[in-house]
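Everything below concerns the one structure shown next.
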Amino acid sequence: MGRDLPAQPSIFSRLCNTLVPHGGMIVRPRASACLDFEGELAVIIGRRCRHVAPEGALSVIAGYTCFNDASVRDFQRHSVTAGKNFPATGALGPCMVTVDEIADPQALRLVTRLNGTVVQDDTTAHMIYPVAQIIAYLSTVTVLEPGDVIATGTPAGVGLGREPPLWMKPGDIVEVDISGIGALRNSIADESPPSP
């Protein structure tokens, strides 16, 4: 996005009702047409931990999955929490691949496709902060619990960074494909009108 590199990981929380599974509908809210894709590697914590050193951080992971951290960009401009917490805007799946199957989380290829067109293509080797450092930082801030999901950030190519911007719209199909894990696939739908 052309910003300066952060001095430490930037964090925010997502509510449980923002999440949808593989094959589920990502919902574009009535309040905005600026729904963006963000393909990401997600880490699932396997054991309770606090103050984990980076060199031991990978030992607390249960597994990995794909994540689409879909963001409502106009709301995100004034509040990251708002832009990331509309219902049914974050997708994860298709499965959890256990740590014994992923030798190095910094050696994975991530490709995001929108309606079959590649919009993001990079490797986790280019992450600003490696997985171990993210876990170490978060475990300093709070206790990490089994089942906690950490979305690790997205590579270049998001819709906001394009000219003109490329937003997801109803009927679109978005896929986040990570080597060794599989492809998370979701369709986009408009939020239902309010009940009378």
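No value in this document is a laboratory result; all are computed from the given coordinates. Quantities reported herein were computed from a predicted structural model and do not represent experimental measurements. Note that we place each Cβ from the backbone using ideal geometry, even for glycine, and neighbour counts take in every protein chain shown.
Please report the net charge: other residues with Cβ closer than 14 Å to the Cβ of PHE37, K and R +1, D and E -1. Don't jump to the answer; show the numbers that get you there.
Numbers: positive: ARG28, ARG73, LYS84, ARG113, ARG162, LYS169, ARG185; negative: ASP36, GLU38, GLU40, ASP69, ASP121, ASP122, ASP172, GLU175, ASP177.
Here the charged neighbours net out to -2.
Rounded to the nearest Å, what's the spacing between the alpha carbon centres of the range 13-38 and the range 43-108? Just the number, please.
Using only Cα atoms, the two centres lie 15 Å from each other.
So what is the calculated 222 nm ellipticity per residue for the chain, using -39500 (n - 2.57) for each DSSP H run with n of 4 or more, over all residues, to the nearest 500 deg cm²/dmol? Let's see the in-between values first.
On the way: 3 runs with 21 residues, N = 196.
So the helix-based figure for the chain works out to -2500 deg cm²/dmol.
Which one of ALA91, ALA183, GLY157 is farthest out on the positive end of the charge dipole of the chain, using unit charges on Cβ (Lys, Arg +1; Asp, Glu -1) and the Cα centre as origin?
Selected residue: ALA91.
Please identify, among HIS22, HIS78, HIS51, the residue showing maximal mean-square fluctuation in a Gaussian network model of the chain using a 10 angstrom Cα cutoff.
Taking springs between Cα atoms under 10 Å, the residue moving most is HIS78.
Collect residues whose amide H, placed 1.01 Å from N in the peptide plane, falls under 5 Å from the amide H of CYS95; neighbours closer than 5 in sequence don't count.
The answer is CYS66.
With a 10 Å cut-off between alpha carbons and a GNM built on the chain, which of ALA70, ALA31, ALA62 moves the most?
Looking only at ALA70, ALA31, ALA62, the largest GNM fluctuation is found for ALA31.
Out of THR124, ALA107, PRO21, whose Cα points farthest toward the positive end of the dipole of the chain (charges: +1 Lys, Arg; -1 Asp, Glu; placed on Cβ)?
After comparing all options, I get PRO21.
Stretch ALA183-GLU55 to full length: gain in nm at 0.36 nm per residue minus the Cα-Cα span? Spell out each step's value before the answer.
Numbers: separation 128, 0.36 × 128 = 46.08 nm, distance 2.93 nm.
Computed gain between ALA183 and GLU55 is 43.1 nm.
What is the sum of charges around ARG14, taking Lys and Arg as +1, Asp and Glu as -1, for the other residues whose C-beta is under 14 Å from the C-beta of ARG14?
Details: positive: LYS84; negative: GLU38, GLU40, ASP69, ASP148.
Its environment carries a net charge of -3.
For the pair SER32/GLU101, report the inter-label distance in nm, with labels modelled 7 Å from Cα in the Cβ direction.
For the pair SER32/GLU101, the computed spacing is 3.3 nm.
Does the range 1-116 come out rounded, prolate or oblate by the C-alpha gyration tensor, with a ≥ b ≥ c the root eigenvalues, rounded set by a/c under 1.5 and, if not, prolate when a/b is larger than b/c and oblate if not? Don't skip to the answer; put the middle values down first.
Details: a/c = 1.81, a/b = 1.45, b/c = 1.25.
The shape class here is prolate.
Under a 5 Å amide H to amide H cut-off, with H placed in plane at 1.01 Å, what residues pair with VAL52 once short-range neighbours are removed?
SER139, THR140
Output the relative contact order of the chain, whole-number percent, from Cα pairs under 8 angstrom with separation of 6+ residues.
33 percent
Kindly write out, for the range 10-23 in residue order, the coupling ³J(HN,Hα) from the Karplus curve 6.51 cos²θ - 1.76 cosθ + 1.60 (θ = phi - 60°), rounded to whole Hz, with x marking Gly and Pro.
Rounded to whole hertz, the list is 8, 10, 8, 10, 10, 6, 4, 6, 8, 8, 9, x, 3, x.
Net charge near VAL131: determine it from the other residues with C-beta under 13 Å of the C-beta of VAL131, scoring Lys and Arg +1 and Asp and Glu -1.
Net of charged neighbours comes to -3.
Is there a quick way to get the dipole size of the chain? I mean about its Cα centre, with the Cβ of Lys and Arg at +1 and of Asp and Glu at -1; what is the value in debye to the nearest 20? If you can, show how the numbers build up before the last one.
On the way: 15 positive and 20 negative charges, 93 e Å.
Dipole of the chain, to the nearest 20 debye: 440 debye.
Across the range 136-177, how large is the tail of the calculated P(r) beyond 13 Å, expressed as a percent of all Cα pairs?
Values: 622 of 861 pairs.
The answer is 72 percent, as a whole percent.
With θ set to phi - 60°, apply the Karplus curve 6.51 cos²θ - 1.76 cosθ + 1.60 along the range 35-47 and write out the HN-Hα couplings as whole Hz, x wherever there is a Gly or Pro.
9, 10, 9, 8, x, 8, 7, 10, 10, 10, 6, x, 8
5 Å is the cut-off here: which amide hydrogens, built 1.01 Å from N in the peptide plane, fall below it relative to ASP121, excluding neighbours closer than 5 in sequence?
Close amide H contacts, sequence-distant or interchain: THR112.
Past the 19 angstrom mark, what percentage of all C-alpha to C-alpha distances in the chain do you count?
Working: 11104 of 19110 pairs.
Value for the chain: 58 percent of Cα pairs lie more than 19 Å apart.
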